[in-house]
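A short write-up of the structure that comes next.
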Amino acid sequence: MEVKIGVQHAPREIVLESGQSAEEVESAVSDALAGEARLLTLVDDNGRKVLVPADRLAYVEIGQPTPRKVGFGAL
């Protein structure tokens with residue numbers, strides 16, 4: 001699952017590939033925005049945790065993973 005996180009006052013967005021389902025990511029974002037959690041915590045495919053303060057979230061985009069093309073071939 002590809003997740004893009006926009007952070008207030010930051011020129012770039014955070015992009016990560018997560019093994020979590022869309023529902024799990026949405027639930028974590030909802031909890032952070034509702035004030036139940038002070039941090040949005042997500043885990044990427046490599047096991048690294050991404051922590052973003054909930055009050056600094058600008059947007060979260062949840063999408064499907066983009067397959068990476070490997071090798072040579074016609075486009």
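The values are calculated or read from the model by the stated rules, or taken from the named source; none is laboratory data. Just so it is clear, the model here is predicted, and its values are computed rather than measured. Every residue, glycine among them, receives a Cβ derived from its backbone with ideal geometry; neighbour counts consider all protein chains shown. Ligands, DNA and RNA are excluded from the accessible area calculation, which covers all protein heavy atoms including side chains. Shrake-Rupley method; radii C 1.70, N 1.55, O 1.52, S 1.80 Å.
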When segment 35-62 is examined, which residues are found to be at pLDDT below 90 and open to solvent by less than 70 Å² (accessible area, probe 1.4 Å)? Gly35, Ala37
Residue that is assigned to a loop (DSSP other than H, G, I, E, B) and open to solvent by less than 50 Å² (accessible area, probe 1.4 Å), where the choices are Ala32, Ala28, Ala10: Ala10
Considering only segment 43-62, state which residues are touching a residue at least 40 places away in the same chain (Cβ under 8 Å) and among the β-branched types (Val, Ile, Thr). Val50, Val52, Val60, Ile62
